[in-house]
1. Report, as an integer, the average count of C-beta atoms from other chains found within 10 Å of each Cβ along B:104-116.
2. Kindly write out, for segment A:242-256 in residue order, the coupling ³J(HN,Hα) from the Karplus curve 6.51 cos²θ - 1.76 cosθ + 1.60 (θ = phi - 60°), rounded to whole Hz, with x marking Gly and Pro.
3. Near B:Lys33, which aspartates and glutamates are there with a Cα under 16 Å away, not counting those fewer than 8 places off in the same chain?
4. What ranking do A:100-106, A:261-267, A:146-152 get when scored by the average of other Cβ atoms within 10 Å per residue, highest first?
5. Determine the distance separating the Cα centre of segment B:124-199 from the Cα centre of segment A:17-60; give it in Å without decimals.
6. Can you tell me which of A:133-139, B:110-116 comes out highest on packing, and rank the rest after it, using the mean Cβ neighbours within 10 Å?
7. How far is helix B:143-155 tilted off the main Cα axis of chain B, in degrees rounded to 10, range 0 to 90?
8. Whole-Hz Karplus ³J(HN,Hα) for segment A:111-126, in order, using 6.51 cos²θ - 1.76 cosθ + 1.60 and θ = phi - 60°, x for Gly and Pro?
Amino acid sequence: MSEFTDSDPAAPILRSRFQRPSWLSSALFAFFIGFFLWSLAGAGMSLPSLIRGLPNMATIAGEMFPPATDRAQPILEAILVTFQMALVGTVIGVVLSVPMALLAARNTSPHPLVRYVTRSVISFVRTVPDLAWALFFVVSVGLGPFAGTLTIIVDTIGFCGRFFAEAFEEVDPGASEALDSIGSRPVDRIAVALIPGALPSLINTSLFSLEKAVRSSVVLGLVGAGGIGAELAVSMEMFRYDQAAFIIFAIFILVFIVEHFSSRMRERLLQQIR
Amino acid sequence: MSQILQPVFQTDQVASATASASLQVDGLSKCFKGTESAVFRDISFDIKEGQSVALIGANGAGKSTLLRCCVRLIEPDSGSIRLSGEDLSGKSGRALKKARNRVGFVFQKHGLVPRLSALTNVLHGNLAHDFGPRNWSQRLASQENRQRALECLDQVGLADLAYQRCDQLSGGQSQRVAIARALMQEPSILFADEPTASLDPQSGEVVMELFARLSQSRNLTLFFVSHHVEHALHYADRILGLRSKQLQLDSASHSQSTTSLREFYV
């Protein structure tokens, strides 16, 4: 027997578990379903094509094995160049991201207008896809790894600039305020309070950025911006699927090593710094 | 009771204050933007060199604001401040910062950089006088400054934890490192804003004992805000009470009692 009766004004109100959705949410849901069905056609989803393509896939996959090692040397050289592009691009990008982030972070920006402009630049850089940057740099500085490296630098600034700024904003202001009260200079406060406070986040972001750069530098070659991508495109176009398989395997090894190394580095660096 | 409601200015303090005043505050008022009423109005007091002064008052009475206004960390609306005889009123930018470099400040939260060692954090106190990478880390510091930082840690009893990361220290130890950092500045006056508020009672006592000892051994002027009536009575020579936007008590601590001071918290 319940303690409360319906007429009891003190009875707690228990809402029904399901509530009838409003007409607006029903309409939005119906619109979404409709749009999704239309998009299936727009995206060219076609089960018959997939089924027709299956034998092709099997043939190509069959031709991929065993992977061909006849061009192993130029391919491995291209893999090395790919990694070098990623490494140089990331390091320069990370170094340039720090001042950008300082201008973009609420607690370090000299003026709201500077902050707004820097944020807009970083957002723009990030929104433009890396292949578009690569095309732009290939046209500007010519084919080759330099265009790819410039692409990675810009891409890293778009990625790190944003996350570094957020990391700076999240640092507990206590230490900075304490040092401000004794008349220290802003540069010193950034060096001793802000950067050490944000360091775990900075290291994490930089290492993720390196992983991202390695993955993206692999495809930059497709538009002529240096690295292994060009080799892969040529092999596929020449129907040398066995060579392509070797390249894909080499890419896998590179990405795997970089990711493994970066997670090990992350753990060690975070423990060491004091 | 009447002693509390009407300010009791002890004549001996006022007479000798001008001779060796560490801090002279005259007619200080503050009103925050967007609020109608003032935080406090027309506050005047002097603190002699080597004196230990407690500032008490209820939450929201404006104690912390008053403390910060004394070094213009918060800008007062009117009034004048003299720090060791030097007028702070007209100063701006670098001159004001220079004037502040002999003022040690210990906050309720220690304000240390958690990832760095105690020694490095203490070394940062030197940024009050110097700048540049040689003050950023104990690894980059001069032998002389490293030695001095270690001595400061020794004075707060933590020399053996010099290389410990600050995020591995207890609340009380962290606050003592913050005091060591203030000592590194070689301050002539030490401000403390509720330095024991986030500590357990025992650690709070240790920190207050330390303040008292340092104040005596270094002839350091101490100006602290406290919620602990007992701390004010025990560790201060003199107690200032802030209530109803005014300084309603200025009295030697030995002439006060727990009961009389509790009036400030109702």
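No lab work stands behind these numbers, since they all come straight from the coordinates. A quick note: this is a predicted structure, and the numbers were derived from the prediction, not measured. Don't worry about glycine lacking a Cβ; one is built from the backbone with ideal geometry, like all the others, and counts go over all protein chains shown.
1. 6
2. Computed from phi, the couplings for segment A:242-256 are 5, 5, 4, 4, 4, 5, 4, 4, 5, 4, 4, 4, 4, 4, 4 Hz.
3. B:Glu75, B:Asp77
4. By packing density, highest mean first, the sequence is A:146-152, A:100-106, A:261-267.
5. 63 Å
6. B:110-116, A:133-139
7. Orientation of helix B:143-155: about 50 degrees from the principal axis.
8. Going residue by residue, I get 7, x, 5, 4, 4, 4, 5, 4, 4, 5, 4, 4, 4, 4, 4, 6 Hz, with x marking Gly and Pro.
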